[in-house]
Amino acid sequence: MSASPAVSDRRPLDGIWLPLITPFRDGALDEKALEGLVRHYLETPLSGLILAATTGEGMTLDGAETERLVKRTALALEGRLPLYLGLSGCDTGKLVRLIAERGDWPVDGYLVACPYYTRPSQEGLYRHFAALAEASCKPILLYNIPYRTGVNLANETVLRLAAHERIVGIKDCCAIASQSFDLLGARPGGFSVLTGEDAQFFSALAHGADGGILASAHAGPAAFAEVRRRLLAGERAEALALWRELAEVVALLFAEPSPAPIKHWLWRSGLIASPEVRLPMVPVSEALATRISAAVERWSLLAAA
C-alpha cells in the first residue's frame with residue numbers, strides 16, 4: 001500500500017455536504033428536476049455534493065442511470081463544487097472493477113460504505129478499503145454506518161487506513177458517541193471527520209468534527225452552515241439556539257424512512273416535480289405529509305437565514 005509523505009498536508013474536507021436525492025418521475029430519472037436542484041443548491045453555502053448514496057437511492061439505480069445522474073449533475077455544477085459518488089457492495093473485486101470502469105466519470109472522489117451483510121473482520125475491512133484505494137486515482141471517503149451494514153469500522157482500522165494518500169476522511173455514522181469523540185482526538189492532520197448523524201450535528205461540531213454530510217440540509221443548507229459558523233466564531237449560545245430550531249426539522253425529515261420525507265419536503269417546496277421513491281421505499285404517510293406541508297412555509301425563513 002502506498003502512503004503519501006504529505007498526508008499531514010492534505011486539505012481537509014469540511015462544511016456542509018449534501019447527499020443529493022435522486023428525483024424520479026413516472027419511474028424514470030427526472031433529469032430536468034435534477035438540473036434544477038443542482039442550480040438551486042449552487043446558490044447555497046454547500047461545500048460539496050454526493051450522488052447515488054443512501055439518500056440518493058443509489059442501490060436502486062442501474063449503471064446507465066447512475067452515469068446519466070453523474071454527468072448531468074457535473075454539467076450543471078460547472079466545476080463550482082466538488083462532486084463525490086457513493087459506492088457500496090460486499091464484493092471487493094467487483095468494486096475494484098467498478099472503480100476502474102468509472103475512472104473517467106466527472107467526479108472528484110468516492111464515498112464508500114463498509115461492505116454489508118458479510119460482516120468481515122477488521123483485517124478484512126482494512127484490506128477491502130486498501131484495495132479500493134489502490135485501484136482508485138481519486139480520493140475516498142470511508143463511510144461507517146454499522147446499523148445498515150452490520151459491521152463497525154473500528155477507530156484503529158480507520159487510523160491505519162488514514163495513512164493512505166487517497167483515503168481522505170470518513171462519514172461517521174457509528175452511533176457510538178465515545179467512538180466518534182475518540183476518533184476526533186486521534187485522527188492525523190488533514191484527515192476529515194464529517195458526521196452523517198443529522199441529529200448529532202451540533203454535538204459533533206462541538207467536539208471538533210469538520211462538518212457534516214447531512215440529508216436534512218436539503219431543507220436549507222444555509223441554516224446548518226450558520227450553526228457551524230457561529231460555533232467556529234465562539235458564539236456557542238447563538239449556535240445552540242439556532243440548532244434547537246433546526247433539530248425540529250431534522251426530526252421531521254427522519255420521522256419515516258429517508259429519503260421519502262425529504263422528497264416530500266422538496267416537492268411541497270416546488271423544487272422537484274414528484275416525491276416518488278423506488279421500492280422498497282414508499283411515500284410518506286398521510287399524517288407525516290400533513291406535518292411536512294405545514295412545516296415548509298414555517299421553516300422557509302429559517303432556511304434562508
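The values are calculated or read from the model by the stated rules, or taken from the named source; none is laboratory data. What you see is a predicted model, and the numbers here were worked out from it, not measured in a lab. Neighbour counts are summed over all protein chains in view; Cβ atoms, including those assigned to glycine, are modelled from backbone coordinates with ideal geometry. The area values use the complete protein model at the heavy-atom level, side chains included, leaving out ligands, DNA and RNA. Shrake-Rupley method; radii C 1.70, N 1.55, O 1.52, S 1.80 Å.
A few notes on this one:
- Looking across the range 108-137 at every residue that is farther than 16 Å from ALA52 by Cα and among the acidic types (Asp, Glu), the one that is least open to solvent (accessible area, probe 1.4 Å) is identified as GLU123.
- All positions within the range 165-191 that are in a helix (DSSP H, G or I) and open to solvent by 10 Å² or more (accessible area, probe 1.4 Å): ALA177, SER178, GLN179, SER180, PHE181, ASP182, LEU184, GLY185, ALA186
- Some residue of the range 237-246 being of a type outside the set (D, E, K, R), assigned to a loop (DSSP other than H, G, I, E, B) and at negative phi: no
- Filtered residue count, the range 49-64, keeping only those that are without any contact (Cβ under 8 Å) to a residue 40 or more places away in the chain and crowded, with 17+ Cβ neighbours inside 10 Å: 4
Rundown of residues vs (1) over 21 Å from the mean Cα position of the chain (by Cα); (2) farther than 21 Å from LEU34 by Cβ, yes/no style:
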{"residue": "HIS218", "(1), (2)": "no, no"}
{"residue": "PRO221", "(1), (2)": "no, no"}
{"residue": "ALA225", "(1), (2)": "no, yes"}
{"residue": "GLU245", "(1), (2)": "yes, yes"}
{"residue": "VAL249", "(1), (2)": "no, yes"}
{"residue": "SER258", "(1), (2)": "no, no"}
{"residue": "LYS263", "(1), (2)": "no, no"}
{"residue": "TRP267", "(1), (2)": "no, no"}
{"residue": "GLY270", "(1), (2)": "yes, no"}
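- Looking only at residues of the range 78-107 that are part of a helix (DSSP H, G or I) and touching a Lys or Arg at 6+ places or on another chain (Cβ under 9 Å), we find that the one that is most open to solvent (accessible area, probe 1.4 Å) is THR92.
- Residue in the range 152-164 that is more than 18 Å from PRO19 (Cβ to Cβ), outside any loop (DSSP other than H, G, I, E, B) and touching a residue at least 60 places away in the same chain (Cβ under 8 Å) present: yes
- Any hit, the range 204-224, residues being open to solvent by 10 Å² or more (accessible area, probe 1.4 Å), assigned to a helix (DSSP H, G or I) and touching a residue at least 60 places away in the same chain (Cβ under 8 Å): yes
- The range 21-53: number of residues that are in contact with a helix residue (DSSP H, G or I) (Cβ under 7 Å, 6 or more places away or on another chain) and part of a loop (DSSP other than H, G, I, E, B): 7
- TRP299 being open to solvent by less than 50 Å² (accessible area, probe 1.4 Å), under 26 Å from ALA53 (Cβ atoms) and at pLDDT below 95: yes
- With respect to the conditions (1) without any contact (Cβ under 8 Å) to a residue 12 or more places away in the chain; (2) open to solvent by 60 Å² or more (accessible area, probe 1.4 Å), GLU245 lacks only one, and its number is (1).
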